[in-house]
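Step one of this worksheet: look at the structure below.
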Amino acid sequence: MDMEKLVALCRRRGFIFQSSEIYGGINGFWDYGPLGVELKKNVKEAWWQDMVRNPPLGPDGQEINMVGVDCALVMNPKVWEASGHVAGFSDPMVDCKTDGCKGRFRADQLAGMTCPLKPSKAPGQFEKCQLTQPRVFNLMFKTFIGALEDPSAIAYLRPETAQGIFVNYKNVLDSTRLKLPFGIAQVGKAFRNEINPRNYTFRSREFEQMEIEFFCHPDESMKWYEYWRDVRIRWYSQLGIRSERLRPREQTAEERAFYSIGTTDIEYMFPFSEEPQELEGVAHRASYDLTQHQKHSGKDLSYFDEELWAKADKSPYGGDKKKETEAKAGLPYRFTPHVIEPSAGADRFTLAVLCEAYAEDTIGGEARVVMRFHPRMAPIKAAILPLVNKEGMPEKAFALYRELKQDYNVFYDDKGAVGRRYRRQDEAGTPFCVTIDGQSLQDGTVTIRDRDTTEQRRIPIGGVADELRKLLRPAQ
Ligand code: ATP
């Protein structure tokens, strides 16, 4: 698949625009157009529905407790000191001093880049390249709070949504009375001042994440790590990502963060790269984050296992309250939970969905472009078309459209030849076209055209809503 064709289609049909395009754009920022906003909403809604509201049953067939939060983009800067971002959230950067280049590159990704000199090569490959020594560059966007621009007013736009979850862990525990194990989820914007934003929306400076922090007992953490890794891989397949393009890759001990017990990157074979690229990281973070926040905030973030204590044999304490209190304060009753973090990018997955969907074929001797979205991802679920604009067809079509619109994003189109209308919907990735024709007025049936096969069948007009419902039901 040719990335340039996809980018052109996305602009032409209103999936993705360059941010501030009429001013020449701004590197690393993107806007979603009318079709794109629906697609990305579907990505986020499918994730929320399948992971938060109705996650798959656990490894022992148990219900999974999940709740959500929606935290501020700007947090107390101490959060980022505790999390390690102020000191360590950086990439190595090199500059090229050569006239005509003056490029700035990520030192650890030089091989996959091209420099501005023609013919383009990887930075450092021309004899005249003059690369500086790598310097560390912190990726957090800085801002100031209030009127004074002094160091005490410095704040950061969050570089990930995860920390909002960690610092609210106790609030959630106290306000919901959840017991371990349970997860807290968040979807929202994150900002990183990437040195080389590139590959369309893949590496942007503003993007959205879909993150879960799943808190569990340390002894059960490996089981939950495996559960979430498998659930997340399956989710991508269920939404139409072909398995040969999806590569889960267990990180080596050298690659992993020092506190992590296991990390799997779920990678996708994007057309712009020879190597699969990360869509999501599923990390076993042990008790690192809660321990850090406990240390920096001075607040107790440990967990007391009431059920275990209730069941415990208390005879060794002989009714001595002091001994009991001491016993309650330590293992196995009180501990810092371990955390499994599936951290996905909404924009990266949206891009993968677009890449996966793009297809060209020939129908009746005519070439067409068709976006083969999974129905749950499709921005428009069905188009309602009167065959011609007379004989009562528009009225009947419009009534069906009004009815379906209450539950689904459907589109009414009565302009131009029906074949052209089908083609436009194929490009938008609409799974169904429902046509009201002469026969519809006689016997109350409509034709329903399948986007991928272009085959048409007749069904009663009253059955259209049911067809849509079946099509859009999540896989179990
Ligand atoms: P990379 O190595 O690609 O920079 P990362 O390992 O730093 O990514 P994480 O910090 O694990 O990424 O972030 C979790 C997810 O957030 C990633 O898997 C990705 O989907 C998304 N993400 C991270 N950075 C960006 C970005 N610059 N643009 C778009 N999505 C991003």
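A few remarks follow.
- In the chain, the longest principal axis of the Cα atoms and the axis of helix 221-238 are about 10 degrees apart.
- Segments 19-32, 306-319 sorted - mean Cβ within 10 Å per residue, highest first: 19-32, 306-319
- For the pair ASP313 and ARG334, a Förster radius of 25 Å applied to the C-beta separation gives a FRET efficiency near 0.90, rounded to the nearest 0.05.
- For peptides 255-268, 419-432, sequence by mean Cβ density within 10 Å, most packed first: 419-432, 255-268
- The Cβ shell under 13 Å around VAL79 holds other residues with a net charge of +1, Lys and Arg each +1, Asp and Glu each -1.
- Rounded to 10°, Cα long-axis angle of helix 418-428 versus longest principal axis of the chain: 10
- Degrees, to the nearest 10: 34-47 long Cα axis against longest axis of the chain: 50
- Scattering profile of the chain at q = 0.11, 0.12, 0.13 Å⁻¹ [log10 I(q)/I(0), Debye over alpha-carbon scatterers]: -1.02, -1.15, -1.26
- Calculated [θ] (222 nm, deg cm²/dmol) that DSSP helices of n ≥ 4 give over the chain, each run adding -39,500 (n - 2.57): -8500 deg cm²/dmol
- Protection-proxy order for peptides 231-242, 369-380, each taking the mean of Cβ atoms within 10 Å per residue, highest first: 369-380, 231-242
- Considering only Cα atoms, the convex hull volume of region 403-476 works out to 110 Å³ per residue.
- Relative to the current alpha-carbon distance between ASN54 and GLU395, full extension at 0.36 nm per residue lengthens the span by 118.8 nm.
- Charge tally for ASP320 (other residues, Cβ to Cβ under 13 Å; Lys, Arg +1; Asp, Glu -1): +3.
- Qualifying lysines (Cα of each under 19 Å from Cα of LYS189; at least 8 residues distant if same chain): LYS40, LYS41, LYS44, LYS142
- Environment charge of ALA417, counting only residues whose C-beta is closer than 15 Å and scoring Lys/Arg +1, Asp/Glu -1: +3
- Lysines whose Cα lies under 17 Å from that of LYS322, excluding same-chain neighbours fewer than 8 positions away: LYS314
- R0 of 35 Å, Cβ-Cβ distance LYS223-GLN109: FRET efficiency to nearest 0.05: 0.50
Read the figures in this text as sums done on the coordinates, not as results from a lab. Just so you know, these numbers come straight off a predicted model, no measurement behind them. Counting neighbours? That spans all protein chains shown, and the Cβs are built from the backbone with ideal geometry, glycine included.
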